[in-house]
Amino acid sequence: MEDQFVLDTPVVREFVTDVRAAIAGASSPQEACDAIRPGFAELLARSDWLPEGYQEPVPESGMGGGIGQWLLYRAGDGSLSMFSLVVPSGSATPVHDHLAWGLVGLYRGTQDEEVFAEADGGLELLERRALEPGDFYALIPPQDDIHRVRTTSAAPSVSIHLLTNDTGCVWRHTFDPESGERHPFRSGYVNVDCEDHEPAA
Ligand SMILES: [Fe+2]
């Protein structure tokens, strides 16, 4: 499969080229994330590159709660994806994992994020943080891979995800926040189809 630039603009192409070069030149996910940080911060600070259509919630979406997951770019080999996640005011994602490292940052609105770790007999809340536009963080599993975000602004929140898998199409997990029980989960994307994948073991 070829790389898919759903949002095919010079800004996105240039960013992806820089990201791929950073990943190729890095010896660890941590090092790659550090190299990508300046470009990612710049992207979050620019107001002119993400069309309104990718900042809209979607009723009946795979994430539930009207949450829209819009693919912007994905690598043909499934090694990288970039998407916007739109969470309506007052809505929250399920507790979920990503199973890949990368960067996640807030573009519009405000969010509360809760980070969990699997612990004996359930989930342990590790951290709760309030995010504003421009804030971003690295996700490097197994640490910090399980979280839930809730929109605290009156308008939907829009976050930009850059992760080293085809996040919308891989089988990952949601978690029951009380029992810690895992459930197979594939969120999909609003604007593109996933090929058929077998659930990961
Ligand atoms: Fe997430």
- prompt: Does Leu44 count as in contact (Cβ under 8 Å) with a residue 12 or more places away in the chain, away from the ligand (no atom under 13 Å from the Cβ), over 27 Å from Glu181 (Cβ atoms) and not hydroxyl-bearing (Ser, Thr, Tyr)?
  reply: yes
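If you check Asp97 against the conditions, is it surrounded by fewer than 21 Cβ atoms within 10 Å (Cβ to Cβ), over 26 Å from Pro10 (Cα atoms), more than 16 Å from the ligand (Cβ to nearest atom) and among the charged types (D, E, K, R)? Before you say what the answer is, go through the steps one by one.
Values: surrounded by fewer than 21 Cβ atoms within 10 Å (Cβ to Cβ): yes; over 26 Å from Pro10 (Cα atoms): yes; more than 16 Å from the ligand (Cβ to nearest atom): no; among the charged types (D, E, K, R): yes.
No; evaluated as a whole, the condition is false for this residue.
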query: Among Leu139, Leu125, which is the only one that is assigned to a strand (DSSP E or B), aliphatic (A, V, I, L, M) and away from the ligand (no atom under 11 Å from the Cβ)?
result: Leu125
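Output yes when any residue across the stretch 157-179 is farther than 23 Å from Gly62 by Cβ, crowded, with 17+ Cβ neighbours inside 10 Å and in contact with a strand residue (DSSP E or B) (Cβ under 9 Å, 6 or more places away or on another chain), and no when none is.
Start the filter on the stretch 157-179 by keeping residues that are farther than 23 Å from Gly62 by Cβ, which leaves none.
The answer is no; no qualifying residue exists.
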- line: Here the qualifying pairs (Cβ atoms under 6 Å; residues six or more apart or on different chains; first in the stretch 158-172 and within 11 Å of Leu71 (Cα to Cα); second of a type in the set (Ser, Thr, Tyr)) come out as Ile160/Ser84; Ile160/Tyr107; Asp166/Ser81; Thr167/Ser81; Gly168/Ser187; Gly168/Tyr189
- request: Would you be able to tell me the number of residues in the stretch 31-53 that are more than 20 Å from Ser157 (Cβ to Cβ) and either outside any helix (DSSP H, G or I) or in contact with a Leu (Cβ under 8 Å, 6 or more places away or on another chain) (or both)?
  value: 3
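All of the numbers you see were taken from the coordinates with simple rules; none came from a lab. These numbers were taken from a predicted model, which means no experiment stands behind them. We place every Cβ from the backbone using ideal geometry, glycine too, and count neighbours over all the protein chains shown.
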